[in-house]
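Let me begin by presenting the structure, written as structure tokens, before commenting on it.
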Amino acid sequence: MKFSLSKFLWFDGKIVPVEKAKVPVTTHAIHYGTSVFEGIRAYWDSKNLYVFRLDEHIKRFRKSGKYYHISLNFTNEQIKNAIINLCKKNKMKKSCYIRPFYFVGEHGINLHVDEKSPTNVAIFMFPFGDLFNKKGITAGISSWRKFSVLSTPPQAKMGGNYLNSILTTQEAKRNGYDEAILLDILGNVSEAPGENIFIVKDDKIVTPPLTSSALEGITRDSIFYLAEDKGYQVVIREIARSELYIADEVFLSGTAAEITPIVQIDQNKIGNGKVGVITRELMSDYTDVVMNKNEKYSQWLTPVY
Ligand SMILES: Cc1ncc(COP(=O)(O)O)c(C=O)c1O
């Protein structure tokens with residue numbers, strides 16, 4: 001991932017130069033992963049910068065902390081304005097990735113975090129293009145399982161949860177794949193380390209339910225609308241590992257990955273080994289939506305300028 005941080009970030013209510021935002025080494029989140037984050041994209045269409053589904057991201061941002069009684073001590077409106085103002089301050093005129101996060105700060109080292117534990121909030125951003133090769137990637141099914149709600153809630157976008165994603169990504173890369181696919185504790189398909197997964201079989205689009213420990217992705221939700229517009233049936237149901245190998249098409253969805261086709265899983269070619277017809281259609285429709293070329297979904301875009 002290219003990572004050239006823009007000049008300013010937002011830290012506890014103020015826009016400051018990146019190098020001025022510092023936290024003590026005793027920060028609780030560094031020790032225990034008690035941080036909450038979102039990943040948001042904004043798209044530049046050569047006239048304006050549009051933040052995609054900002055309200056939904058901010059809603060999930062607050063909800064993630066609730067699972068752990070970690071407080072976000074700013075209103076949704078304040079976070080929204082902070083993101084827009086930070087884009088302006090950085091004179092951002094390129095498509096970019098925006099990372100808001102909050103974390104338990106000077107709480108001490110005990111584990112009894114509650115609503116009163118002190119938290120810090122920060123937002124940074126950087127210009128961002130494609131995360132993956134949009135012509136299709138390879139994926140390996142991980143020997144690590146996706147953690148389940150029996151241990152920590154998969155719906156909380158918490159720093160600590162991503163240790164599972166790190167293990168699976170390391171394994172996939174070591175084995176020569178671009179990305180990992182995780183099964184849930186029962187052996188059903190769950191998701192990728194930072195993306196939801198869809199399969200296409202006989203023109204039907206299928207994705208795992210949240211009970212398969214998949215995150216309730218905002219891109220996943222957007223795909224439901226786009227697929228319906230095109231008359232495709234989307235089914236949410238458990239997916240067996242074996243179904244992946246014989247699917248006509250497989251793709252990932254996520255803010256960073258957008259819609260990314262998978263053309264090989266383990267040693268199996270998916271479909272004819274090229275980007276599938278439905279995947280291509282959804283990719284194109286998704287691009288139209290984020291670039292403000294589909295009026296029906298213009299309410300999903302927050303213009304910055
Ligand atoms: C584990 C995981 N699954 C799925 C997704 C996709 O979610 P979204 O489409 O909201 O970015 C993400 C990214 O946020 C993720 O981290």
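The values are calculated or read from the model by the stated rules, or taken from the named source; none is laboratory data. Everything quoted here is computed from the prediction, not taken from an experiment. All Cβ positions, even for glycine, are placed from backbone atoms using ideal geometry, and neighbour counts span all protein chains on display. Surface areas here come from the heavy atoms of the whole protein model, side chains and all, with no ligands, DNA or RNA. Shrake-Rupley method; radii C 1.70, N 1.55, O 1.52, S 1.80 Å.
The charge dipole of the range 137-290, taken about the Cα centre with unit charges on the Cβ atoms of Lys, Arg (+1) and Asp, Glu (-1), comes to about 480 debye, rounded to the nearest 20.
Find how many whole Å separate the alpha carbon centroid of the range 47-100 from the alpha carbon centroid of the range 200-237. What the calculation gives is 25 Å, centre to centre.
Projection of the Cα convex hull of the range 8-127, averaged over all directions and equal to a quarter of that hull's surface, yields 7.1 nm².
Figure note: Arg280, Arg99, Arg145 ranked by solvent-accessible area, largest first, 1.4 Å probe, ligands and nucleic acids not counted: Arg280, Arg145, Arg99.
Taking every alpha-carbon pair under 8 Å whose residues sit at least 6 apart, the range 137-290 reaches a relative contact order of 23 percent. Per-residue ellipticity at 222 nm computed for the chain from its helices equals -7500 deg cm²/dmol, with DSSP H segments shorter than 4 residues left out and the rest contributing -39,500 (n - 2.57).
When the chain is treated as a GNM with alpha-carbon contacts under 10 Å, the residue of Pro118, Pro24, Pro153 showing the greatest mean-square fluctuation is Pro24. Taking the chain as a Gaussian network of alpha-carbon nodes connected by springs under 10 Å, the highest mean-square fluctuation of the residues Val149, Val275, Val234 belongs to Val149.
Across Ile205, Ile109, Ile70, mean-square fluctuation computed from a Gaussian network of the chain (C-alpha pairs under 10 Å connected) peaks at Ile109. Take the Cα radius of gyration of the chain and divide it by 2.2 N^0.38 Å, N being the number of residues; the result is 1.00. The value of relative contact order for the range 28-142, using C-alpha pairs under 8 Å at least six residues apart, is 32 percent. Listed here are the pairs Lys7/Lys80; Lys20/Lys88; Lys94/Lys157; Lys146/Lys274; Lys59/Lys80; Lys7/Lys134; which of them are more than 22 Å apart at the Cα? Table pairs above 22 Å Cα-Cα are Lys94/Lys157; Lys146/Lys274; Lys7/Lys134. For the range 20-165, the per residue solvent-accessible surface stands at 48 Å², with DNA, RNA and ligands left out and a 1.4 Å probe.
Dipole check for the chain: with +1 at the C-beta of Lys and Arg, -1 at the C-beta of Asp and Glu, and the Cα centre as origin, the magnitude is about 1080 Debye. Surface composition of the chain: carbon plus sulfur atoms hold 54% of the accessible area, using a 1.4 angstrom probe and ignoring ligands, DNA and RNA.
In this simple spin-label approximation, Lys22 and Tyr305 carry label points 7 Å from Cα along the Cα→Cβ vector, and these lie 3.5 nm apart.
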